[in-house]
Amino acid sequence: MKTRVVITGLGIMAPNGHGLTEYEMALRAGRSGIRFIPRLKELGFACQVAGIPRATKSCAADTLTPRIFSR
């Protein structure tokens, strides 16, 4: 059985921008999403920088929730 998939848009949640417009602006400006993460220091990690999206949990849930459409 083959499953067909239809992509209806593009959503981005990245460390340097949330949404296509903000992400594109960050790329064009050369803005990185890599930053110091205090929690990594608290945990004693040698590396304390990371690229973690700044979006809220509810925003992430709205953006990343799979949407299934019936025929």
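Just so it is clear, none of the values below were taken in a lab; they were calculated from the coordinates. These figures come from a predicted structure and were not determined experimentally. Neighbour counts run over all protein chains shown; Cβ positions are idealised from the backbone, glycine included.
Structure values in brief
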| read-out | value |
| --- | --- |
| Under 5 Å, built H, 5+ apart or other chain: amide partners of residue 19 | 12, 13, 14 |
| Label-zone membership for the range 14-38, site residue 47, 7 angstrom Cα→C-beta point, backbone N under 14 Å | 34-37 |
| Karplus-derived 3J(HN,Hα), 6.51/-1.76/1.60, for each residue of the range 9-20, Hz, glycine and proline x | x, 10, x, 10, 10, 10, x, 10, x, 10, x, 4 |
| For the range 38-50, 3J(HN,Hα) per residue [Karplus equation, 6.51 cos²θ - 1.76 cosθ + 1.60, θ = phi - 60°, Hz, x = Gly/Pro] | x, 4, 5, 5, 4, 7, x, 5, 5, 9, 10, 10, 7 |
| Placed amide H near residue 33: partners under 5 Å, 5+ positions off or other chain | 16 |
| For the range 26-32, 3J(HN,Hα) per residue [Karplus equation, 6.51 cos²θ - 1.76 cosθ + 1.60, θ = phi - 60°, Hz, x = Gly/Pro] | 5, 5, 5, 7, x, 8, 8 |
